[in-house]
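This report refers to the structure that appears directly beneath it.
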Amino acid sequence: MSTYNKYNYYRNTYAVFKEVLESELPFSKWQYTSKSGSAYFYTKEGVYRKSNHWGRAAKCRWVLQKGNEAYISKGRVHIGYATWSDFYANDEHQATYYIEVNFDDKLVGYKHKSHDISGKEIYRTASATRKLIEKVKRVLLHDRWVKYYDTEDIETTRKELIDDLIRN
């Protein structure tokens, strides 16, 4: 297991940053700004990141956790903090990610296998995970698929279909 710090955390890593409000920052000036416009501040324990793009960043997968939900998006600027122990190797060819679905809020996202408490999740490569998330979103967010099923309970069928997609 690698030990990450300000000199290597940006090389093929996965991390979940916890959202931080600007008013909570323990500093007033960012230490580094990348070519893409993301700003960084380093501490002995971890790194703060201010960015308008979360999810895939170069060869890294950095997710912003807002409350209980993972935020993967481009557009609005958000600030996150991750400790050095929150970083894991991100090998594009290894099955490292699993999919989580929140049916109540109609959200789908991915997590690193290091977050799998049950040990029962199915791991996929980053590419396979991304493709499967698109399929799950089509079933989760749209009802066009319903015409192919003889069902009265759309939500139960939706959950069964998504579970089949994720488990197979």
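The values are calculated or read from the model by the stated rules, or taken from the named source; none is laboratory data. Model, not experiment: these values are computed from the prediction. Note: ideal-geometry Cβ built from the backbone for every residue, glycine included; neighbour counts use all protein chains shown. Ligands, DNA and RNA are excluded from the accessible area calculation, which covers all protein heavy atoms including side chains. Shrake-Rupley method; radii C 1.70, N 1.55, O 1.52, S 1.80 Å.
Those residues that are open to solvent by less than 60 Å² (accessible area, probe 1.4 Å), in contact (Cβ under 8 Å) with a residue 24 or more places away in the chain and assigned to a loop (DSSP other than H, G, I, E, B), I need them from segment 6-15; list them, please.
Within segment 6-15, Y9 is the sole residue that qualifies.
Of the residues T157, T151, T125, which single one is over 22 Å from W62 (Cα atoms), modelled with pLDDT under 95 and either surrounded by 12 or more Cβ atoms within 10 Å (Cβ to Cβ) or in contact with a Ser or Thr (Cβ under 6 Å, 6 or more places away or on another chain) (or both)?
Exactly one of T157, T151, T125 is over 22 Å from W62 (Cα atoms), modelled with pLDDT under 95 and either surrounded by 12 or more Cβ atoms within 10 Å (Cβ to Cβ) or in contact with a Ser or Thr (Cβ under 6 Å, 6 or more places away or on another chain) (or both), namely T151.
Kindly indicate which of K59, K113, K131 is basic (K, R), touching a Ser or Thr at 6+ places or on another chain (Cβ under 9 Å) and without any contact (Cβ under 8 Å) to a residue 24 or more places away in the chain.
Of the residues listed, the single one that is basic (K, R), touching a Ser or Thr at 6+ places or on another chain (Cβ under 9 Å) and without any contact (Cβ under 8 Å) to a residue 24 or more places away in the chain is K113.
In this structure, does H93 turn out to be of a type outside the set (A, V, I, L, M) and open to solvent by less than 40 Å² (accessible area, probe 1.4 Å)?
Taking the combined requirement at face value, the residue does not satisfy it.
Out of curiosity, is R144 of a type outside the set (V, I, T), under 20 Å from S73 (Cα atoms) and open to solvent by 80 Å² or more (accessible area, probe 1.4 Å)?
No, not satisfied.
Can you name every one of the strands (runs of 3 or more DSSP E) wholly within segment 16-73 that holds 1 or more residues which are crowded, with 17+ Cβ neighbours inside 10 Å and among the charged types (D, E, K, R)?
46-53, 60-66
Quick one: count up the residues across segment 78-102 that are of a type in the set (A, V, I, L, M) and either free of Cβ contacts under 8 Å to residues at least 24 places away in the same chain or touching a Ser or Thr at 6+ places or on another chain (Cβ under 7 Å) (or both).
Of the residues in segment 78-102, 3 are of a type in the set (A, V, I, L, M) and either free of Cβ contacts under 8 Å to residues at least 24 places away in the same chain or touching a Ser or Thr at 6+ places or on another chain (Cβ under 7 Å) (or both).
Looking at segment 97-122 only, could you name the residues that are out of contact with any strand residue (DSSP E or B) (no Cβ under 9 Å at 6 or more places or on another chain) and either aliphatic (A, V, I, L, M) or more than 27 Å from D143 (Cβ to Cβ) (or both)?
I117, S118, G119, K120
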